[in-house]
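Where a number appears in this text, it was derived from the coordinates with a stated rule and is not lab data. Treat the numbers as computed from the prediction; the structure is a model and nothing was measured. Neighbour counts run over all protein chains shown; Cβ positions are idealised from the backbone, glycine included.
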Amino acid sequence: MTRRFLLIYTILGFCFLYVPLFFLVLFSFNDSIIPSLPIRGLTLKWYRELGHDFVLHDALYSSLIIASATTVISTTIGTMAAFPLVRSAFRFKRMSQALLLLPMIIPHFLMGVALLLFFSFVNMPLSRLTIILGHVVFTLPFAVLIVSTRLYGFDRTLETAGGDLGASPLRVFWHITLPLIAPGVAGAALFVFTLSMDEFLITYFVSGQRGTLTMYIWSLMKDGIGPRINALASLLFAVSFLILIVGGWLTRNAGQTAR
């Protein structure tokens, strides 16, 4: 009885998660502008319209640049910060951890306003750079947390053995430590990239005249949820699914290489 209940509960959970996505993809091929059943016919014209939308292309390019820069910065700093937080014992360590992870629980609306006030105070014009800095602020704690989780399960005797064999600390890091924590670093990078691509509120406050993909979607939704939004959301879902597969493959290969 318990197993049957768990099975039904699991099926209902998957339906709750993925049935809306199914209808999203279905309506993206609907020949009608009204998302309703039954569909009038199948068409690719909404996808073709996206292909000729140069405003969308510029917004997508901007989002990719911002997300890539945010990923590199947050993952690098997060990995460097995770080591002393996990391995070192220093004064105010708990406070440092709390302050570093604090942006995870601050509402993005408040964070966006605070960043806007800060950039205004230092006379920094709103641009792509301010968006990147804003995204780094709220994604950095996630990178630190993910890499720290990997470090907590790390066997440091391997590093000691490498040092005993004459390897320098830098060589030990590149050839022993980094390959073993690579799955965590890769996971942090993928998560940060996804968060940056998806962020709207902070971007809205610190973007200035620079548009991003989320702001483009928001501008489309002012007129209601139309078929172009369904088509664009379907493409984003497909890309996210592909990133998940590639990320899993890279993480698995990194783990096998480390072993």
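How far, in degrees from 0 to 90, does helix 128-152 lean away from the longest principal axis of the Cα atoms of the chain, to the nearest 10?
Around 50 degrees separate the two axes.
Hey, what did the chain get for relative contact order, percent, Cα under 8 Å, at least 6 apart?
Value for the chain: 31 percent.
Taking square-rooted eigenvalues a ≥ b ≥ c of the alpha carbon gyration tensor, is segment 6-144 rounded, prolate or oblate, where a/c under 1.5 means rounded and, failing that, a/b exceeding b/c means prolate?
Note, shape of segment 6-144 comes out oblate.
Most fluctuating residue of LEU64, LEU102, LEU195 in a GNM of the chain with Cα springs under 10 Å: which is it?
It is LEU102.
Which value, in debye to the nearest 20, describes the size of the charge dipole of the chain about its Cα centre when Lys and Arg Cβ atoms bear +1, Asp and Glu Cβ atoms bear -1, and nothing else is charged?
It works out to roughly 560 debye.
For the chain, what does -39500 (n - 2.57) per DSSP helix run (n ≥ 4), summed and divided by total residues, give at 222 nm, in deg cm²/dmol to the nearest 500?
Estimated from H runs of four or more residues: -25000 deg cm²/dmol.
Hey, of [x] 25, 23, 18; [y] 42, 17, 15; [z] 39, 26, 18, which did the structure itself give for semi-axes √(5λ) of the Cα gyration tensor in Å when calculated?
Label [z] holds the value from this structure.
Could you list SER120, SER74, SER63, SER234 in order of exposure, starting from the residue whose Cβ has the fewest other Cβ atoms within 10 Å?
Least to most surrounded, the residues fall as SER120, SER234, SER63, SER74.
On C-alpha positions alone, give me the angle between the axis of helix 54-87 and the longest principal axis of the chain, in degrees, nearest 10.
Compared with the principal axis, the helix lies near 20 degrees.
Test of understanding: what is the full-extension gain from ILE77 to GLN209, defined as 0.36 nm times their sequence separation minus their Cα-Cα distance?
Extra length from ILE77 to GLN209 when fully extended: 44.7 nm.
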